[in-house]
Amino acid sequence: MTTKFENLTLVDAMRAIQAAVAKADAFRVPCSVAVVDAGGHLLGFARQDDAMPGSAELAINKAYTARIFNNSTEALGRIAQPGAELYGIQQSHAGRVVMFGGGLPICIGGVVVGAIGVSGGSVAQDVEIAETGTSLFVDRATR
């Protein structure tokens, strides 16, 4: 049996970024949004006017973290606390691992094909903005 693997395209990445930026605008929170492909490589990026300079690298690293661990950065943070199973994991991958919310895997048909990372608001805002970007892919496997 052959399984068709869907790739995340540049068009997909830009659509996710546009949706996330629209949500950030609704919050009145300038942010940075990054989308990485299945290999964790940057596919698309936007930094809104007035977004904190540090938000750019954080957004990229949140997306990277969500992809390489196939998990939200928020969930990863919970299992990487002192005494937890993955304590110290943030020291791996040249320090690129982010341990707080705003990074989410992007799945199509149950397969992780990339991830989105958002930085610039509160952690709760970053998570909600990222969820807006990933929501575009929920029904894609049935199309």
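We did not get these values from a lab; they are worked out from the coordinates using the rules stated. Just so you know, these numbers come straight off a predicted model, no measurement behind them. As a convention, Cβ positions derive from the backbone with ideal geometry for all residues, glycine included, and neighbour counts pool all protein chains shown.
A few remarks follow.
- Number of positions in the stretch 88-143 that are in a helix (DSSP H, G or I) and not β-branched (Val, Ile, Thr): 17
- The set of residues in the stretch 22-39 being over 12 Å from Asp126 (Cβ atoms) and surrounded by 21 or more Cβ atoms within 10 Å (Cβ to Cβ) consists of Val35, Val36, Asp37.
- Only listed residue being under 12 Å from Glu74 (Cβ atoms), without any contact (Cβ under 8 Å) to a residue 24 or more places away in the chain and either within 12 Å of the chain's Cα centre (by Cα) or surrounded by fewer than 24 Cβ atoms within 10 Å (Cβ to Cβ) (or both), chosen from Ala94, Ala124: Ala124
- Within the stretch 40-71, being over 11 Å from the mean Cα position of the chain (by Cα), over 20 Å from Asn7 (Cβ atoms) and either in a loop (DSSP other than H, G, I, E, B) or of a type in the set (A, V, I, L, M) (or both) holds for Ala46, Gln48, Asp49, Asp50, Ala51, Met52, Ala56.
- Verdict on Ala84 being without any contact (Cβ under 8 Å) to a residue 40 or more places away in the chain and aliphatic (A, V, I, L, M): yes
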